[in-house]
Amino acid sequence: ELSSFQLETIVSLRPTVAIWLNFAPDHMDRYPTVEAYRAAKLRIFENQTPEDTAVVRSGEDMQGIAAKQVTFSTSDPEAEWFSDGHVIYHNHERWFDMEHDTSLRGLHNAENAMAALAACQMLGISCANMREALLGYAPPPHRCELIRTLDGVEYLNDSKATNLHALESALRSQTRPVVLIAGGKEKGLDYSPLVSILGEKALGVVTFGQIARPLAALFSSVVPSESVATLADAVAAARSIAPPGSTILLSPGTSSFDQFSGYEQRGNAFRDLVHQLL
């Protein structure tokens, strides 16, 4: 994975296969405009030639890219790789049943799987080996990781969600009512696009960290919201309002550097706090 910070400094990097999963505003404390941030990310394709491959989400504006484009989508059945979140299709041919054969759930996991499959195919990896890899794959820590179920409430650790798009994806993938724990470092992001999905998915929000108060003020227009100081306070507050059959979801939507060294430390702290609950 290459960050926009790293891509700012490339000179001769030329990936045989480069993947563009998605784009959403981020790091607006570093970049003057969203366009400047996107331009930095697009540099991953800068040195590619028609002999190389760009794996991109269908519908993205990728004009000017020299590489051959291979598309994936969860909304466009005409993409080379398509999924409804349950089954993956390649050129309209049923290829893999995610729900039956793996522990992967949700549209975001389908997109990640399709992008990886497309890249592997372009590198000449056999279908049999790709299927075997998917069958044995378990979601990594801090990515909608189920920590435990207590009193009928699921606790999910999605500390890796350090931007709006990741938070939105986590919310959309939930099938139970959600109490969201969000917050962290101020990065200059506009969280108003989340208001609609929160109205659909969440029964409560607890915010913490540097942006706790403005987030709670924004989200309170659609769902009961409370701001607290620390992650420990947030877990306690979320537990107090989460009924049986719901999910407490840590999906911060920003980076962790106001209180933690990184998303891993934040996620590990959440895991420890949840395991301490009685």
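Table for the structure above
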{"item": "Hits in region 33-68 (condition: in contact (Cβ under 8 Å) with a residue 40 or more places away in the chain, more than 15 Å from L13 (Cα to Cα) and among the β-branched types (V, I, T))", "result": "V55"}
{"item": "Yes/no for F23 being aromatic (F, W, Y) and either touching a residue at least 60 places away in the same chain (Cβ under 8 Å) or part of a loop (DSSP other than H, G, I, E, B) (or both)", "result": "yes"}
{"item": "Qualifying residue in region 148-157 (condition: among the basic types (K, R), assigned to a strand (DSSP E or B) and either modelled with pLDDT under 95 or not assigned by TED's automatic domain parsing to the domain that holds V56 (or both))", "result": "yes"}
{"item": "Hits in region 31-45 - residues which are in a loop (DSSP other than H, G, I, E, B) and either within 21 Å of the chain's Cα centre (by Cα) or surrounded by 18 or more Cβ atoms within 10 Å (Cβ to Cβ) (or both)", "result": "Y31"}
{"item": "Checking V70 against (1) under 29 Å from H92 (Cβ atoms); (2) touching a Pro at 6+ places or on another chain (Cβ under 6 Å), the condition it does not meet", "result": "(2)"}
{"item": "Total residues in region 58-89, condition of a type in the set (D, E, K, R), farther than 24 Å from K41 by Cβ and over 20 Å from the mean Cα position of the chain (by Cα)", "result": "1"}
{"item": "Given (1) closer than 19 Å to T162 by Cα; (2) surrounded by 13 or more Cβ atoms within 10 Å (Cβ to Cβ); (3) of a type outside the set (D, E, K, R); (4) free of Cβ contacts under 8 Å to residues at least 60 places away in the same chain, number of the condition M28 does not satisfy", "result": "(4)"}
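The values are calculated or read from the model by the stated rules, or taken from the named source; none is laboratory data. All values derive from a computational prediction rather than experimental measurement. Cβ atoms come from the backbone with ideal geometry, glycine included; neighbour counts cover every protein chain shown.
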